[in-house]
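> What follows is a structure written as structure tokens; I'll ask about it next.
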Amino acid sequence: MNCPRRWRSGGTLQLWSLVVVLAANLFTCNADYTLKTKKQILFNVSTILNPAFARLEGTGSNNSDYSGLIPEILKALKVKQPRIDYHIVKATDNEIGRRKQGVGWTGLMGDVLSSPHKVIGAGPIVNIDAYNDDFDPSEPWATPYMTLVVKSTNVTTLRHALDGGMTVVAVTNSAELDALRRTAATDADLRRLQEKINNTRRFVHSLEVGLEAVRTEANTGVLANSEEARYHISRRFCGLRPVNTTHRIGEFVFVFARNDSTIGVFNDALKAMAADGSLDRIRDRELEAPGSCNNGGAVRLENVLLAFLLVAFATFWSAQIMI
């Protein structure tokens, strides 16, 4: 720290002037020293891989190997608050986790508690009371709602879908299914929805599988959260549409170990991003891509055959004309 030890007095320096100038210099130097000596905080971010939120496009050794909504939020947080640094890692078993019978947690939650290094959790994690004994939630990065993704343009409300005898598929261990179980008793439509899911027992391991069922089967819908549904409908499953509800799943948050003192720095940056609109802009950019829908993300066999037949037909007629 190089604080000035001399200054020009102009020849006549009164005692009170000396005190004022000395106090001002000490304040300036101390403030500058404090600012410069604040260290960066490295957050190891245990992340759930999910097409809508975080995708791995390399070995996973560098942050640049990850893309999607959560990596983009982390990148913006670092710009907003230079003290924040981060390293993304895949969550254990790629699941949020559950409380063990004895002590501790599995999955991402276990990563947050068991690592000797500072680890926070990222993914479609809802702030619920079940976590409060061991974890602290960050400020929210999204507020998702329950939605039913359907193909039919005739279905406009959840009640309409239930009255029409629709088969409802649900994703095992998803945030929306857990929210439905917690809130079904508070609403008649949600209670009917839960009963339909329990009776039908059409559970799948991912939302993509459920969306494929909606696309290929008659009178079928899949329970989803609004954020994940936005991604898939705009990018991967053409022709499907959400029937949104007013029922909140909760708030998607990052999770910290209980009483982690660094959560304040992280929260301040998240709140600043929410206030200036940058958080919403990132979500809109990463979750919606108008015009890029590619019908499920795969080249379908019937489309290939159709293209082959068209080319063959054109070749045949060209040959006939030349003859």
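The values are calculated or read from the model by the stated rules, or taken from the named source; none is laboratory data. The model shown is predicted, which means the values in this text are computed figures rather than measured ones. Cβ placement follows ideal geometry from the backbone for every residue including glycine, while neighbour counts extend to all protein chains displayed. Heavy atoms of the whole protein, side chains included, go into the accessibility calculation; ligands, DNA and RNA do not. Shrake-Rupley method; radii C 1.70, N 1.55, O 1.52, S 1.80 Å.
> Per residue of the range 50-63, what does 6.51 cos²θ - 1.76 cosθ + 1.60 with θ = phi - 60° give for ³J(HN,Hα)? Whole Hz please, x for Gly and Pro, Karplus curve as stated.
7, x, 6, 10, 7, 10, 9, 10, x, 7, x, 7, 10, 4
> Hey, another quick one. Using only the alpha carbons of the range 162-267, what is the convex hull's orientation-averaged projected area in square nanometres?
Average of the hull's projected areas for the range 162-267 equals 8.6 nm².
> Okay, next question. Name the trypsin sites (Lys or Arg not before Pro) in the range 234-291 that are in a loop by DSSP and that have at most 16 other C-beta atoms within 10 Å, would you? Can you show the working numbers first?
Values: sites: R235, R236, R248, R258, K271, R281, R283, R285; in loops: R236, R258.
Listed in order of number, the matching sites are R258.
> A further question on this structure: Give the distance, in whole Å, between the Cα centre of the range 126-197 and the Cα centre of the range 265-285.
26 Å
> Also: Among G221, T245, N259, which residue has its Cα furthest toward the positive end of the charge dipole of the range 209-280, with +1 on Lys/Arg Cβ and -1 on Asp/Glu Cβ?
The residue sitting most towards the positive pole is G221.
> Once the piece of chain linking A272 and N219 is laid out straight, how much longer is it, given 0.36 nm per residue of separation minus the C-alpha distance between them? Display every interim value, and only then the final one.
Values: separation 53, 0.36 × 53 = 19.08 nm, distance 4.38 nm.
Length gained between A272 and N219: 14.7 nm.
> Around A289, under 11 Å between beta carbons, what's the net of Lys plus Arg minus Asp minus Glu among the other residues?
+1
> At a Cα cut-off below 23 Å, give the lysines reachable from K39, other chains included and same-chain residues fewer than 8 away excluded.
K75, K78, K80, K118, K271
> Along the Cα-to-C-beta direction of R285, a point sits 7 Å from the Cα; which residues of the range 225-267 have their amide N less than 17 Å from that point?
Within reach of a label on R285, which here means backbone N under 17 Å from a point 7 Å along Cα→Cβ, the range 225-267 contributes 231.
> Run the simple label-point estimate for D163 and S206 please: 7 Å along Cα→C-beta, distance reported in nm.
So the label points at D163 and S206 sit 3.7 nm apart.
> Between beta-carbons, use under 13 Å as the cut-off and find the net charge around S46, counting Lys and Arg +1, Asp and Glu -1. If you can, show how the numbers build up before the last one.
Details: positive: K90, K118; negative: D93, E95, D111.
Net of charged neighbours comes to -1.
> Which value results when the Cα radius of gyration for the range 222-290 is divided by 2.2 N^0.38 Å?
Normalised Cα radius of gyration, the range 222-290: 1.40.
> Also, I was wondering about something else. Which value, in debye to the nearest 20, describes the size of the charge dipole of the range 108-196 about its Cα centre when Lys and Arg Cβ atoms bear +1, Asp and Glu Cβ atoms bear -1, and nothing else is charged?
460 debye
> Hey, what's the range 165-301 come to in accessible area per residue, 1.4 Å probe, Å²?
Spelled out: the 1.4 Å probe surface of the range 165-301, per residue, equals 46 Å².
> Could you give the nm distance between label points at R181 and I41, where each point is 7 Å from its Cα heading toward the beta carbon?
3.3 nm
> On to the next question. Using the crude model of +1 on Lys and Arg Cβ and -1 on Asp and Glu Cβ, and no other charge, please compute the dipole size for the range 34-162 relative to its Cα centre, in debye to 20.
On the way: 15 positive and 12 negative charges, 72 e Å.
It comes to approximately 340 debye.
> Could I have the simple spin-label model distance between A188 and D93, label points 7 Å from Cα toward Cβ, reported in nm to one decimal?
Modelled inter-label distance: 4.0 nm.
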